[in-house]
Structures are given as C-alpha cells and as structure tokens.
Amino acid sequence: MEYSCQTYELKCNECGRRFGNRPLSGCPDCLAPLEIAYDLDIIRKEGKFTRANIAAGPFNIWRYAALLPIPEGFQPDIPVGFTPLVRARGLGKRIGADNLYVKNDAVCFPTLSFKDRVVSVALANAQKFGFTTVGCSSTGNLANSVAAQAARLGLKATILIPADLEPAKILNTLVYGARLVRIDGNYDHVNRLCTLIADEYDYGFVNVNLRPYYAEGSKTQGYEIAEQLGWKLPDNVVCPMAGGSLIRKIRKAFNELIALGLVEDKPVRFFGAQATGCSPISQSVRNGWDYIEPQRPNTIARSLAIGNPADGPAASKMIRSTGGWAEDVSDVELVAGIQELAETEGIFTETAGGVTTAVTARLYAQGRISGDETTVVCITGNGLKTTDALAHHYDHIDVRAIRPRLVDFVDYIAALDCQDVDAFPEPALVG
Ligand SMILES: *Cc1c(COP(=O)(O)O)cnc(C)c1O
Ligand SMILES: [Zn+2]
C-alpha cells in the first residue's frame, strides 16, 4: 500500500524524515504528526499553479489540484467547494467592522460543511491505496461527508461517533447507507478506538491513517478566500477550531500562494474560536503555552468538541506567531451568534458558526481587530443540522394558524404590531 509522486510526499516536521506516500499519520521515531511536503520548485517550473491555470479550471476545489496530494491519473468526480465569500455589511455594522467577509461553507457541496473538502482529498488517496472500506471518527459533519462521498464513489463506510451526537447528524449519516457505530464516550475515546481498529482492519480512516492527506483538503478554503478577494490576502482570519487543523491549513495555503507569487506577501493574523465548554486550544493561546491541557468537553457545539486536539499545540503556536489571538464563548453566547448571523446576513449556521460569529464580535469589542481591517470569518457548517440548539428559543412567538380570511389576517397583524417589543429580544452578542 504505497505510491510515489514526484511533487509531494509525507514528511515529519520534527525530524524531517520522509515516508513516500502511504497510509500513515505519525512519525514512528518522534510520534509527531506527519504533513504533506511539496516540491514547490517542480510545481513552479511546470507552471501548473498559476492564476491563469486556476481560472481555466472547474468551479470547485479541483481547480487547485496542482497543490493537493492527488494521485496521478485521479479523475475528480464530486464538485466540492467553491463556496461564496460574501461581504457582511449587516453583521459588520452590528459589531463595528467595516470590511467584514463571511466564507460560507454552510453551503458546501455535497453535505453542507467544510468537511467535504477534506474528505474528497482523503478518499482520492484511499482509492489509490486500495481501501474498499473507509471510515472516520467524527463529531458529526465528517460522518455525513464520508458517508455521502463513499456512497458516490462506491466505497463501503464504517463510521464511529460519540453516542450523544445531534439526531440530524446521525440521520444524515444513515441515509447514505453507511455503517454507523455509536460509542459510549466522547470524541477522544472514539478517536483512540479508531487508531486501534486501523491496526486490525483494512480500513482507510480519513482522519486517522489518512489524516495527512485529509488535512490538506482544508487548504482549498484558503485558496478560495485569496482568489475571491481578487488574489489578495485579508488582514485577519477568524476560524473555529476542533482538532486545530483547518486554521493551520488556511495559513499554509496563504504561504504557498506567496511562495509561488500568486499573491503579494503581507502579514495575516489568525484568530481561533472555541466554545468555553471545550476550549483547550484557546486556553493554550491565552496562557502562552506550547502545549495543550486536554479537557473533557461539555458544550452544545459538538462539532468542535475535541478535548485533546491532534493539531492543538501547533495551532496554538501558529496563532501567536502571527500576532493573532483566540477566544471562547459560552453556549448562550453561541446561540446568540447563530441568531445574529441569520438576522443580519441571512445565513443559518450550526453551533460552530455561532461560536465563530460570537468570537468575532468579541474580538472587535476588545479592540483586537480594528474596524477598517479586512477580516474573513469562516462559517463552516449548516444550521439545519443543529436545529435542536435553538429548541424553545422561538416558543414565545405566536405562530397559531388563522383562517384564510382577510379580516383574520388584519387582526393577526394588528396583534403582532402592538405586541411588546421585548417579546422579540435582540440577541445580545456583546456585553
Ligand atoms: C470539524 C469542524 C471544525 C474544525 O475543524 P478542525 O480542522 O478539526 O479544527 C469546524 N467547524 C465545523 C462545522 C466542523 O465540522
Ligand atoms: Zn519524526
């Protein structure tokens, strides 16, 4: 189970040892996570990753294939990504941000979260390695995406999740015919079990033995942001963190674009967002630690509930090295964040997006980001998957049915008009 490629291979960031291409996530010598290293000289010489080449590509992540670990001869089948980057004037006005953008992966194809990006790259490699069964340990969105894309590619899927996941995320896995295994425990228990299973069974776990390939898929969000800003980098990125992978890979994407001359070099600050009930990375950033103190998750932001994040230490160091920061918000604040983004931008995000929105508001309120800077907020998942987070939040609103008569409508609207405005409280994001 191995293949070779001229332009990329697995490399240990700690000791520099190289491993070719195989299903392996950690260095056997120093136990550090492996990364994909590219030969940028070859890519530069072959001229495959240029603005013109990218512009001629399809409107999905495969337009960036030259800088993804994609085996030779791979024919992309699923048009993942290329989600909207929208100017967020309404939200910006509320929080004092003049140049705010939302990268909207709530509408990512095919399963409405940014995990579609990582899964497609991982499965391309799973097929090349000859796996016929793929899987993952998941906090929800990954399960949905592995199940859907495996179905499309004709692979079998075995997916492990913590037992208490949101019902919509369970249904959105089962519908694709995947085998779902609920584990009595949290994500960290599930992930450890997957490591043991990968040693015993011939499974390609996208975020375990295929993790270095998987993680590279996140770079496409960074490429898209730069291209959609007209091949410019923003001043700041605010990004949710679970394992700590996405935020690092957006940075890696920006650095590659600089190295290959597609964008002008400039400092970009990275800001991480977590829920207080599971905040090991933001805790590490705020305390200036080089390490992570694992936590036992307790938050409704289940997609971010990883207590012992694999890329946590590296994410913490990276954030501080850019002059950025990290914050965490309570479950009450994240629900207000969901409502605020919906009411100001018409975007319904899941709990993770509520976290990111609320953290963004706080960063402006604290003066860590100033109003005139260009900031991109990464909204990574869809609110339709976590509607239970809003259960009872609209119980006070009168939605009784009326007869199909004009007089009934007139009465009803008049009643709404004179209702106390306090019946419709503004979500309190800041303060
Ligand atoms: C997985 C996930 C994240 C965090 O990704 P990491 O790369 O593990 O930090 C953020 N948002 C959503 C919606 C997710 O599902
Ligand atoms: Zn090593």
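The values are calculated or read from the model by the stated rules, or taken from the named source; none is laboratory data. Since the model is a prediction, treat every value here as computed from it, not as a measurement. No Cβ is skipped: glycine too gets one built from the backbone with ideal geometry, and neighbour counts run over all protein chains shown. With ligands, DNA and RNA removed, areas are computed over all heavy atoms of the protein, side chains included. Shrake-Rupley method; radii C 1.70, N 1.55, O 1.52, S 1.80 Å.
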Cα centroid separation, segment 309-385 to segment 49-104 (Å): 19 Å
Residue of ARG51, ARG403, ARG182 that the Gaussian network model of the chain assigns the largest fluctuation, springs spanning Cα pairs under 10 Å: ARG403
Segment 14-92, dipole about Cα centre (Lys/Arg Cβ +1, Asp/Glu Cβ -1), debye to the nearest 20: 420 debye
Descending Cα extents along the principal axes, segment 55-122, whole Å: 48, 25, 16
Distant-in-sequence amide H partners of SER113 (H built 1.01 Å from N, under 5 Å): CYS108
GNM flexibility winner over the chain from ASP408, ASP372, ASP331 (Cα, springs under 10 Å): ASP408
Relative contact order (%) - criterion: Cα under 8 Å, at least six apart; region: the chain: 15 percent
Using θ = phi - 60° and Karplus 6.51 cos²θ - 1.76 cosθ + 1.60, couplings along segment 275-289 (whole Hz; Gly, Pro as x): 8, 4, x, 7, 10, x, 7, 5, 4, 5, 5, 5, 8, x, 7
FRET efficiency estimate (nearest 0.05) - Cβ-Cβ, GLN366 to GLU72, R0 45 angstrom: 0.40
Neighbour-limited loop hits for GluC sites (Glu not before Pro), segment 15-84 (at most 13 other Cβ within 10 Å; DSSP other than H, G, I, E, B): GLU72
Residue-level accessible surface for ARG18, protein heavy atoms, 1.4 Å, Å²: 120 Å²
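Note down the magnitude of the dipole of the chain about its Cα centre, charges +1 on Lys and Arg C-beta and -1 on Asp and Glu C-beta and zero elsewhere, to the nearest 20 debye.
Value, rounded to 20: 1060 debye.
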Cα-based radius of gyration of the chain once divided by 2.2 N^0.38 Å, which approximates compact folds: 0.99
Residues of the chain: accessible area per residue with a 1.4 Å probe, Å²: 42 Å²
Rounded, prolate or oblate (a/c below 1.5 giving rounded, otherwise prolate when a/b exceeds b/c) for segment 115-215 by Cα gyration tensor: oblate
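Per-residue ellipticity at 222 nm for the chain, helices alone: DSSP H runs ≥ 4 residues times -39500 (n - 2.57), over residue total, nearest 500 deg cm²/dmol?
-11000 deg cm²/dmol
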Residues in segment 31-47 reached by a label modelled at ASN13 [backbone nitrogen below 15 Å; 7 Å Cα→Cβ]: 31-38
Amide H contacts of ILE183 (H built 1.01 Å from N, under 5 Å, at least 5 apart or other chain): ILE161, ALA163
Cα pair distances exceeding 25 angstrom across segment 1-127, given as percent: 41 percent
Under the Karplus curve 6.51 cos²θ - 1.76 cosθ + 1.60, θ = phi - 60°, whole-Hz ³J(HN,Hα) for segment 309-318, x wherever Gly or Pro sits: x, 4, 9, x, x, 5, 5, 4, 5, 4
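Of LYS169/LYS252; LYS48/LYS232; LYS11/LYS128; LYS11/LYS317; LYS249/LYS385; LYS45/LYS115, which sit over 23 Å apart, Cα to Cα? Walk me through the numbers before you get to the answer.
On the way: LYS169/LYS252 30 Å; LYS48/LYS232 20 Å; LYS11/LYS128 19 Å; LYS11/LYS317 20 Å; LYS249/LYS385 25 Å; LYS45/LYS115 32 Å.
Correct reply: LYS169/LYS252; LYS249/LYS385; LYS45/LYS115.
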Nonlocal amide H pairs with VAL377, under 5 Å, H built at 1.01 Å: TYR101, VAL102, LYS103, VAL238
Protein accessible area in segment 143-253, 1.4 Å probe - carbon and sulfur %: 50 percent
Listed residues ILE413, ILE281, ILE159, most fluctuating in the chain (Gaussian network, C-alpha, under 10 Å): ILE413
